[in-house]
Amino acid sequence: VIFDGILTLTHGANLNLQGSANITTAANDFAYVYADTTTLFRVIYFKANGKSVVGTPIFSVNKNATAQTFTTAVEAIVSWSTEVIDTHAYFASNRFTPLIAGKYLLIAAIRWASYADAIPFITDIYKNGVSHIRLEHDAASGAIQSAPTITTIVEANGTTDYFEVFVLQGCGANKDVSGDIKGTYFQGYQIV
């Protein structure tokens with residue numbers, strides 16, 4: 001399909017779009033439409049303006065200097081306000097949903113604004129709503145900005161698999177994850 005102007009494609013029960021997000025087309029953008037079933041169609045979308053979504057999926061997101069507060073003893077998702085790179089539009093609503101099957105390298109760094117002495121905190125990369133890999137780190141006290149990095153290689157099926165970052169802290173009080181773009185980020189790309 002070649003688009004001749006603006007059209008909104010809406011992700012839903014019958015239309016599977018990249019990143020599970022709606023797409024607004026422009027003139028000369030194009031898409032391949034596949035019938036997964038008689039009622040579900042998959043759209044692989046390409047922009048005509050040079051920002052093609054072909055090639056290796058790569059994403060990089062950060063908090064854009066906005067801190068996020070986490071309640072003690074409650075594991076919660078990390079939100080990402082800024083997409084620096086999202087070559088295939090697979091990142092949306094704080095999750096990476098690659099629609100190309102393969103193995104992906106994922107990296108997450110979480111910088112806490114301050115922490116209590118020798119209290120562990122946890123960073124998880126979730127796959128499909130369940131912890132896939134976990135990093136537990138004991139922080140030093142004071143205003144030190146601790147920023148451990150967690151890295152994993154994961155397999156994605158190219159249809160329903162998605163990935164998110166969660167954290168858990170046990171300080172006994174609310175604590176902030178820093179919005180520092182150099183210390184709090186989530187990145188990934190397809191390696192095979």
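The values are calculated or read from the model by the stated rules, or taken from the named source; none is laboratory data. Since we're looking at a predicted model, the values are computed, not measured. Note: ideal-geometry Cβ built from the backbone for every residue, glycine included; neighbour counts use all protein chains shown. The accessibility values were calculated without ligands, DNA or RNA, using every heavy atom of the protein model including side chains. Shrake-Rupley method; radii C 1.70, N 1.55, O 1.52, S 1.80 Å.
FRET efficiency for the Ser114 to Ala13 pair, using the beta carbon distance and R₀ = 30 Å, is estimated at 0.10. Kirkwood's formula applied to the C-alpha pairs of the chain gives a hydrodynamic radius of 17.8 angstrom. The peptide list 177-183, 107-113, 64-70, put in order of mean Cβ contacts within 10 Å with the highest first, becomes 107-113, 177-183, 64-70. Full extension of the chain between Tyr189 and Thr38 yields a length gain of 51.2 nm, computed as 0.36 nm times the residue separation minus the alpha carbon distance.
With protein chains left intact and a 1.4 Å probe, residues in the range 33-105 average 49 Å² of accessible area per residue.
Given their separation in residues at 0.36 nm each and the Cα-Cα distance between them, Thr24 and Asn157 gain 45.3 nm when the chain is fully extended. In terms of the mean number of neighbouring beta-carbon atoms within 10 Å, the peptides 78-84, 120-126 order highest first as 120-126, 78-84. What the phi angles of the range 171-179 give under the Karplus curve with 6.51, -1.76 and 1.60, with θ = phi - 60°, is a coupling list of 6, x, 8, 4, 9, 9, 8, 5, x Hz, glycine and proline written as x.
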